[in-house]
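Let me begin by presenting the structure, written as structure tokens, before commenting on it.
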Amino acid sequence: MAVLVLADHDGKSIRKATLNTVAAAQKIGGDVHILVAGNGCGDAAKAAASVAGVAKVLHADAAQLADELAENVAALLVALAKGYSHILAPATSSGKNVLPRAAALLDCQQISEIISVEAPDTFVRPIYAGNALATVKSKDPIQVITVRTTGFDAVASTGGTASVEVIQPPGDSGLSAFVGREVQKSERPELTSARVVVSGGRGMGSGDNFKILEPLADKLNAAMGASRAAVDAGFVPNDWQVGQTGKIVAPELYVAVGISGAIQHLAGMKDSRVIVAINKDEEAPIFQVADYGIVGDLFKLVPELVEELKK
Amino acid sequence: MKVLVSVKRVIDFNVKVRVKADGSGVETANVKMSMNPFDEIAMEEAVRLKEAGAVTEIVAVSCGPQACQETLRTALAIGADRAILVETNEELQPLAVAKLLKKISEKENPQLVILGKQAIDDDSNQTGQMLAALLGWSQATFASKLLVDKEKATVTREVDGGLETLSIKLPAVVTTDLRLNEPRYVTLPNIMKAKKKSLETLKPDALGVDVAPRLQTLKVTEPPKRKAGVKVPDPKALVDKLRNEAKVI
């Protein structure tokens, strides 16, 4: 049997989360196929074909697949499911939206956000914001799984020579329609795949004060993130949120500024390789997970840190 | 228009969860339980729609043990008109809950079902999408803005990289994200009023749903602990550590 991976892509290229998901698929075993569904996504299908270790790319191109509407993409997955032992998607906002719909239509209990493959039917997934790890075994004939990308090292995006098969998707469900999108334009690396992340919390005091973090992020070529408290307070947009209910990141270096370290935030960043915390409260829980901490006023320390980095 | 809101009883978000020594799960005895925070947002949204005149009746549903009655009383105090408990002591997984909610939806005929995007216990993020699938309805997950019209709803969704807006046909399933609203505090008079509201109890058998778990939990363990590091006196020392010890910059 084969494993089907639903690609996260932008029409032209494959997002890195797809490469982490292919890595999980390879751990399960069997041929790995990638489904690229979209409208005018031929380049993404081509890119998928060169991903290392992929046997086949299924390319579904149609107007009704343009905006990843869950109703239409799930129907396509259901139509393809029969030939597969496992259906995987990265746990991105798109994967999380589409996959449970397909799972229910297949009468399968999805396994969300796995971080490890123990056996083809047994997986480890975090529960309670990562405060516990559950090892679960599925009894379903088709295993429908979302993959926490930080749990698997990405496979190479080149070196593969998969064939591309064009397939016909089912028609439009007519249930929903795309209206518009507001994308935050940023020159910075994407939060979930950045090598360095600089995050601010409630201690930043205001949205304006986040500007103080920008030179630091520039210097480190970092993505910028935030705690839920900072998002709740309206300082920064929700898609900056790192934590149980936001994005899960595991960069090489995570710099937490003015973040106390609530359980829900730690859930999103505690697998980072090196954690730095800057906080005025020396009792703040963030120091219990930080490799290096500085106690003090962030408005004084952050500019000093930037100066030191320039040396 | 009638709205159904699903609410789940979970360990309170402030509680530090402890894994049981025998690896069978997490400690729930003598632990504070509350309504799942995202479900509170779902309840609040339904009440706001009612206050705006778009909704005439709000039915709150919870699936689980008898103690979920407390969660439903909270939902009634926030503003639900009546409540339904699907009572079972069996472990309920998202597909089973979606099947129960489908049966309730078929009985109640709501135009809209609002759920939290995920429960903070199992962190599955599935039930809403599954319910929409089983009913053959449209879905809009991770909503940060909801406008309801007669035959459709316009929903702004939190997605990676920004926001997306969908127009969905009613009936529909919507799941809530953090910024949809800020739930109100429940007042004492409303808690008193909630005690008099109707709370009906049903069993999964009576709804004809097999809720047996599909996933077997083999064990639950503590995640590897991260060791606390060192405090450094100033940015100079920090940069030195990052360059020469951690070799990360």
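The values are calculated or read from the model by the stated rules, or taken from the named source; none is laboratory data. Because the structure is a prediction, the values reported are computed rather than measured. Methodologically, a virtual Cβ is constructed for each residue, glycine included, from the backbone with ideal geometry; neighbour enumeration extends over all protein chains shown.
Worth pointing out:
- Odd one out for B:Ala75 among (1) over 15 Å from the mean Cα position of the chain (by Cα); (2) away from chain A (no Cβ under 14 Å): (1)
- When each of B:Val173, B:Val186 is tested for being more than 9 Å from chain A (Cβ to nearest Cβ), in a strand (DSSP E or B) and within 21 Å of the chain's Cα centre (by Cα), the lone residue that passes is B:Val173.
The rows are residues; the columns are (1) under 15 Å from B:Lys231 (Cβ atoms); (2) touching a Gly at 6+ places or on another chain (Cβ under 8 Å); (3) not aromatic (Phe, Trp, Tyr).
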| position | (1), (2), (3) |
| --- | --- |
| A:Glu214 | no, no, yes |
| A:Gly246 | no, yes, yes |
| A:Val257 | no, yes, yes |
| A:Gly268 | no, yes, yes |
| A:Ala277 | yes, yes, yes |
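- For A:Thr158: the one exception among (1) part of a loop (DSSP other than H, G, I, E, B); (2) more than 21 Å from the chain's Cα centre (by Cα): (2)
- Each residue in the range A:237-279 was checked for being surrounded by 21 or more Cβ atoms within 10 Å (Cβ to Cβ), touching a residue at least 24 places away in the same chain (Cβ under 8 Å), out of contact with any Ser or Thr (no Cβ under 8 Å at 6 or more places or on another chain) and among the β-branched types (Val, Ile, Thr), and 1 of them qualify.
- Unique match (being among the aliphatic types (A, V, I, L, M), over 30 Å from A:Pro237 (Cα atoms) and within 21 Å of the chain's Cα centre (by Cα)) among B:Leu180, B:Leu202: B:Leu202
- Looking only at residues in the range B:235-248 that are more than 7 Å from chain A (Cβ to nearest Cβ) and in a loop (DSSP other than H, G, I, E, B), the one that is farthest from A:Gly293 (Cα to Cα) is B:Lys247.
- Filter result (within 16 Å of A:Phe178 (Cβ to Cβ) and either crowded, with 24+ Cβ neighbours inside 10 Å or aromatic (Phe, Trp, Tyr) (or both)) within the range A:77-117: A:Asn97, A:Val98
- Residue match in the range A:219-230 (condition: surrounded by 20 or more Cβ atoms within 10 Å (Cβ to Cβ) and in a loop (DSSP other than H, G, I, E, B)): yes
- Restricting attention to the range B:129-159, the residues being over 21 Å from B:Glu182 (Cβ atoms), surrounded by fewer than 19 Cβ atoms within 10 Å (Cβ to Cβ) and among the aliphatic types (A, V, I, L, M) number 0.
- Taking the listed residues A:Val183, A:Val166, A:Val136, the one that is surrounded by fewer than 16 Cβ atoms within 10 Å (Cβ to Cβ), hydrophobic (A, V, I, L, M, F, W, C) and facing another protein chain (nearest Cβ under 8 Å) is A:Val183, with no other qualifying.
- Residue satisfying condition, being in a helix (DSSP H, G or I), within 27 Å of A:Val242 (Cβ to Cβ) and among the hydroxyl-bearing types (Ser, Thr, Tyr), within set A:Thr135, A:Thr192, A:Thr146: A:Thr192
- The number of residues in the range B:198-221 being crowded, with 17+ Cβ neighbours inside 10 Å and assigned to a loop (DSSP other than H, G, I, E, B) comes to 3.
- Some residue of the range B:165-188 being within 23 Å of A:Leu266 (Cα to Cα), free of Cβ contacts under 8 Å to residues at least 60 places away in the same chain and not hydroxyl-bearing (Ser, Thr, Tyr): yes
- Residue match in the range A:161-183 (condition: modelled with pLDDT under 95, within 17 Å of the chain's Cα centre (by Cα) and assigned to a strand (DSSP E or B)): yes
- Residue in the range B:25-38 that is nearest to the other protein chains (Cβ to nearest Cβ), counting only those that are modelled with pLDDT of 95 or more and over 12 Å from the mean Cα position of the chain (by Cα): B:Val26
- Looking only at residues of the range B:127-170 that are of a type in the set (S, T, N, Q) and in a strand (DSSP E or B), we find that the one that is nearest to the chain's Cα centre (by Cα) is B:Thr141.
- Looking only at residues in the range A:109-123 that are over 18 Å from the mean Cα position of the chain (by Cα) and acidic (Asp, Glu), the one that is farthest from A:Gly95 (Cα to Cα) is A:Glu118.
- If you go through the range A:70-84 and pick out every residue that is more than 15 Å from A:Val36 (Cα to Cα) and of a type in the set (Val, Ile, Thr), you end up with 0.
- Qualifying residue in the range B:162-179 (condition: of a type in the set (Ser, Thr, Tyr) and over 24 Å from A:Arg148 (Cβ atoms)): yes
- Of everything listed in (1) modelled with pLDDT of 95 or more; (2) within 27 Å of B:Leu178 (Cα to Cα), the single unmet condition for A:Ala250 is (1).
- The selection criterion, being of a type in the set (S, T, N, Q), facing chain A (nearest Cβ under 7 Å) and in a loop (DSSP other than H, G, I, E, B), holds for B:Ser124.
- Considering the range B:18-34, the residues that are of a type outside the set (Gly, Ala, Ser), in contact (Cβ under 8 Å) with a residue 12 or more places away in the chain and surrounded by 13 or more Cβ atoms within 10 Å (Cβ to Cβ) include one that is nearest to B:Lys50 (Cα to Cα), namely B:Met33.
- Residue within the range B:151-161 that is more than 21 Å from A:Asp172 (Cα to Cα), out of contact with any Gly (no Cβ under 7 Å at 6 or more places or on another chain), at pLDDT below 95 and of a type outside the set (D, E, K, R) present: yes
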